[in-house]
Amino acid sequence: MAHTYSVCKSCRAVNKVDSQKGLKGQAVCGKCKGPLSFHGLVSNVTTDEFTRILKASDRPVIVNFWAEWCGPCKMYGPEFEKASTENVDAVFLKVNTETEQQLSSQLGIKGIPCTIIYKSGVEAKRQAGAMNSSQVKALLT
């Protein structure tokens, strides 16, 4: 079964979510039954949520570090979301570098958008700049 992970914004529980339910907007928290929000199969996460999903995931985790004011980030966002629906064997996260400045600094994010792939909780690849969904998929191989 294809799945992803999300942290419930209400009760903070980490949820393993069936990808089809996530795509259809039918995903709910296993603990409090509140709705889980996705854009495609992308979860917007805080530093704590990023860390918790990274520890819980049994799949590669691909993270888009971005900011609202960033033009290339705005162009990349829809492509990243498209890639999430085409690559259900990975977990897709977005981290806002403006609200999560300490994490961005800790990870050495120098320019955005910046995409990092983690395997078994360890950084495996890093790519700066906007990409199309095919280029995102190529990073996963």
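Identify, by number, the condition in (1) free of Cβ contacts under 8 Å to residues at least 12 places away in the same chain; (2) surrounded by 16 or more Cβ atoms within 10 Å (Cβ to Cβ) that PRO35 doesn't meet.
The number of the failed condition is (2).
Identify all residues within region 60-76 that are touching a strand residue (DSSP E or B) at 6+ places or on another chain (Cβ under 8 Å) and touching a residue at least 40 places away in the same chain (Cβ under 8 Å); write none if there are none.
Result: PRO60, VAL61, ILE62, VAL63, ASN64, PHE65, TRP66, ALA67, CYS73, TYR76.
Across region 40-59, what is the total count of residues that are in contact (Cβ under 8 Å) with a residue 60 or more places away in the chain and hydrophobic (A, V, I, L, M, F, W, C)?
1
Considering only residues of region 90-117 that are touching a Ser or Thr at 6+ places or on another chain (Cβ under 8 Å) and hydroxyl-bearing (Ser, Thr, Tyr), which is farthest from LEU139 (Cα to Cα)?
Looking at residues that are touching a Ser or Thr at 6+ places or on another chain (Cβ under 8 Å) and hydroxyl-bearing (Ser, Thr, Tyr), I get THR99.
Give the residues of region 82-126 that are touching a Leu at 6+ places or on another chain (Cβ under 7 Å) and surrounded by fewer than 16 Cβ atoms within 10 Å (Cβ to Cβ), sorted by residue number.
GLY121, LYS125
As an exercise: evaluate TRP69 against (1) within 23 Å of SER120 (Cβ to Cβ); (2) loosely packed, with under 14 Cβ neighbours inside 10 Å and give the number of the one condition it does not meet.
(1)
Run down SER105, SER43, SER84 and say which single residue is among the hydroxyl-bearing types (Ser, Thr, Tyr) and farther than 19 Å from MET131 by Cα.
That would be SER105, the only listed residue that is among the hydroxyl-bearing types (Ser, Thr, Tyr) and farther than 19 Å from MET131 by Cα.
Restricting attention to region 132-140, does a residue exist that is within 26 Å of ALA13 (Cβ to Cβ) and not acidic (Asp, Glu)?
No, region 132-140 contains no residue that is within 26 Å of ALA13 (Cβ to Cβ) and not acidic (Asp, Glu).
Check every one of the helices (runs of 4 or more DSSP H) wholly within region 62-141 and list those with 2 or more residues that are aromatic (Phe, Trp, Tyr).
Qualifying helices (runs of 4 or more DSSP H): 71-86.
Show the residue pairs meeting these rules: Cβ distance below 7 Å; 6+ apart or different chains; first residue within region 77-89 and under 10 Å from LEU41 (Cβ atoms); second residue part of a helix (DSSP H, G or I) and open to solvent by 60 Å² or more (accessible area, probe 1.4 Å).
Pairs found: ALA83/LYS137; THR85/LEU23; GLU86/LYS137; ASN87/LYS137.
Between a first residue in region 94-121 that is in contact (Cβ under 8 Å) with a residue 60 or more places away in the chain and a second residue that is assigned to a helix (DSSP H, G or I) and surrounded by 13 or more Cβ atoms within 10 Å (Cβ to Cβ), which pairs have beta carbons less than 7 Å apart while being 6 or more apart in sequence or on different chains?
Within 7 Å, the pairs are TYR118/LEU54; GLY121/LEU54.
For region 5-61, which residues satisfy the criterion of being in a loop (DSSP other than H, G, I, E, B) and over 19 Å from VAL95 (Cα atoms)?
The answer is CYS11, LYS24, GLY25, GLN26, ALA27, CYS29, GLY30, LYS31, CYS32, LYS33, GLY34, ASP58.
The values are calculated or read from the model by the stated rules, or taken from the named source; none is laboratory data. Keep in mind it's a predicted model, so treat the numbers as computed, not measured. Methodologically, a virtual Cβ is constructed for each residue, glycine included, from the backbone with ideal geometry; neighbour enumeration extends over all protein chains shown. Please note that ligands, DNA and RNA were not included when accessible areas were found on the heavy atoms of the full protein model with its side chains. Shrake-Rupley method; radii C 1.70, N 1.55, O 1.52, S 1.80 Å.
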